[in-house]
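Read through the structure below, which is laid out as C-alpha cells, and then see the notes.
Taken together, the values in this text are just the output of simple stated rules run on the coordinates, not laboratory data. Values in this document were obtained by computation on a predicted structure and should not be read as measured data.
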C-alpha cells in the first residue's frame, strides 16, 4: 500500500502548522496549502489520501474546492473544519459527499480519528458505495444488462442507470473497462 497522505488546506498559518504537526506525529505524510487555489494548482492527490479543508477562505472557498474535486478526485475524502459552522452549510457539504464536518475548536483526537477512518475508506474504494450501489455493481460485474438488473432488484431500469452513473463517479472511472479494473483488483473487496 502506498503512503497515506493528509492534505491540509487552511489560510490560518497557526491552524495549518498545528494540524501538520498532529498528523506527522501520527505517522502520516502531510502537505499543507494556504489556499484552495494553491491546492488545485500544486496537488495531485492519489489514494490513500484525505483532505482536511477549511470551509471559509479568501478567494476560492472550501465548498468551491469540493465542487472542483468532484471531477478531478471523486474518491478523495474531505473533512471540513470551520470556525463559522452552520447546520445548513454542514448538511450541504455532507450531501455533496464530504466525509465529515468538524467545528473549531476541535478535539485533536476526534479529528485524527476521523482522518484515519477517511484514509481507511480511501484505501478501499468500494466502501464509498451505498448498499444499493454495491448490489447494482455486483450485477454489473456479473455482466448483466440494466433491464435484467432492474428486474432482479425490483427497481426501474432508469434507477439502475442512475446508480451506475453514481458508481462511476464515486469510483472515479469513466468506462466500464476501468470499472472492472478498479473492482477486480486483489485489494478490492465488497464490505460485508
### Task
Could you tell me what % of all Cα pairs in the chain have separations over 21 Å?
53
### Task
Using just the helices of the chain, give the 222 nm mean residue ellipticity in deg cm²/dmol: DSSP H runs with n ≥ 4 each add -39,500 (n - 2.57), and the total is spread over all residues, rounded to 500.
-15500 deg cm²/dmol
## Note on the structure
In whole percent, the Cα-Cα distances of segment 127-183 spread across 10 Å bins from 0 upward as 25, 61, 14
### Task
Using only the Cα atoms of segment 46-126, build the gyration tensor, take square roots of its eigenvalues as a ≥ b ≥ c, and label the shape rounded, prolate or oblate: rounded if a/c is under 1.5, else prolate if a/b is larger than b/c, else oblate.
oblate
### Summary
For the chain, the longest principal axis of the Cα atoms and the Cα long axis of helix 62-72 enclose an angle in degrees, to the nearest 10, of 40
## Note on the structure
With the 8 Å Cα cutoff and a minimum separation of six or more residues, segment 5-123 has a relative contact order in percent of 25
## Note on the structure
Helix 108-123: inclination vs the chain longest Cα principal axis, degrees, rounded to 10, gives 30
#### Entry: Relative contact order, percent, segment 127-183 [alpha-carbon distance under 8 Å, six or more residues apart]
34
### Task
Considering Cα pairs under 8 angstrom that are at least six residues apart, work out the relative contact order of segment 72-123 and quote it in whole percent.
45
### Message
Using all alpha carbons of segment 1-97, what is the percent of pairwise distances in each 10 Å bin, ordered from the shortest bin to the longest?
### Response
16, 52, 30, 2
### Query
Tilt of helix 13-25 relative to the longest C-alpha principal axis of the chain, in degrees (0 to 90, nearest 10)?
60
